[in-house]
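Working notes, beginning with the structure itself.
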Amino acid sequence: MSLTRRSFLALSALLPWALKTAASRSIPIGLELYSVRDALKQDPEGTVRSVAKMGYECVEFYAPYFEWSEAQAKQMRKLLDDLGLRCFSTHNDEHYFDADKINHARDLNLVLGSKNLVMASADLRKGTDSWKLLAERLNSAAEQLEGSGLKAGYHNHKPEFTPVDGVRPIEVIAKNTKPSVMLQLDVGTCLEAGSDPVAWIRANPGRIRSLHLKDWSSDPAKGYKVLFGEGSADWKSIFAAAEKGGGVEFYLLEQEGSRFSELETANRCLQSFRTTHA
């Protein structure tokens, strides 16, 4: 088939768009398993199987995973591998970063194939200095984990976007932590605090390597009890910011609960994500 100059120019113009689209679609979509916490407690392996069957590509285990033995972690890793699921990060209570616990968390994360040990918020409310001390803890953890190929991360809740001493704690954390410390953005709690997630992503290029896609409704009767896409989040703009500079490596849907069962909620949110992110 001959290629005319006009055809060549037309194809050349389409190439950047095609590459951008391919890159966008290659970002894995996962589920923060807190979303199916009751089902997970009753039947961990069955729940993970159900999540994989829905079409999720990765999962994020939360605090209770810390109680596993190495054998239990290996059993879960085998299941993930069999299902074609990945675990890119885990959510950890603040004290899991203590000197007597961080090594156990590290070892479990390595078994699971995780790359990020994320602290799941710390509601200090004690002034700017306390948040600076928290940033130092994250830096120390980052240094300790680096040799194992793991990175430290921090996940915000509403307090981090609520000003203390005239400054949002999340800004203190971002300013005083190493660039290697991931700032995992919880979209819903950012919105609840009245902040703009798009502006935050743009202000911290390369550091928003993971997002919790939790929607938020300003209707107090609903709050977080809305499915993905039913709240006030401008997902198109959030995705654009995350993918054009935010540094996003994987997305995680998260639900506090809805009018549907946990598993049906997870499934409906995934279908809505696919439509919105297409």
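The values are calculated or read from the model by the stated rules, or taken from the named source; none is laboratory data. Owing to the predicted nature of the structure, the values given are computational and were not obtained by experimental measurement. Every residue, glycine among them, receives a Cβ derived from its backbone with ideal geometry; neighbour counts consider all protein chains shown.
Residues of region 237-275 being part of a helix (DSSP H, G or I) and farther than 28 Å from Arg202 by Cα, which ones?
Glu262, Leu263, Glu264, Thr265, Ala266, Asn267, Arg268
Let me confirm something: among Ala105, Ala120, which residue is among the hydrophobic types (A, V, I, L, M, F, W, C), closer than 17 Å to Tyr65 by Cβ and more than 16 Å from the chain's Cα centre (by Cα)?
Step by step, each of Ala105, Ala120 is checked, and only Ala105 is among the hydrophobic types (A, V, I, L, M, F, W, C), closer than 17 Å to Tyr65 by Cβ and more than 16 Å from the chain's Cα centre (by Cα).
Within region 66-113, restricting attention to residues that are in contact with a helix residue (DSSP H, G or I) (Cβ under 8 Å, 6 or more places away or on another chain) and assigned to a loop (DSSP other than H, G, I, E, B), which residue is nearest to Pro163 (Cα to Cα)?
The residue in question is Asp93.
Show me the helices (runs of 4 or more DSSP H) found entirely inside region 157-235 where at least 1 residues are surrounded by fewer than 18 Cβ atoms within 10 Å (Cβ to Cβ).
Once the helices (runs of 4 or more DSSP H) in region 157-235 are filtered for at least 1 residues that are surrounded by fewer than 18 Cβ atoms within 10 Å (Cβ to Cβ), what remains is 169-176, 197-203.
I'm trying to understand the selection: among the residues of region 125-156, which are touching an Asp or Glu at 6+ places or on another chain (Cβ under 8 Å), in a loop (DSSP other than H, G, I, E, B) and not small (Gly, Ala, Ser)?
Matches in region 125-156: Asn156 only.
Here are some residues: Ser24, Ser7. Which one is in contact with an Asp or Glu (Cβ under 6 Å, 6 or more places away or on another chain) and either at pLDDT below 95 or surrounded by 14 or more Cβ atoms within 10 Å (Cβ to Cβ) (or both)?
Ser24
Looking only at region 38-62, filter to residues that are part of a loop (DSSP other than H, G, I, E, B) and at negative phi; which one of those is surrounded by the most Cβ atoms within 10 Å (Cβ to Cβ)?
Tyr56
Is there a residue in region 64-73 that is more than 26 Å from Ser50 (Cβ to Cβ) and without any contact (Cβ under 8 Å) to a residue 24 or more places away in the chain?
no
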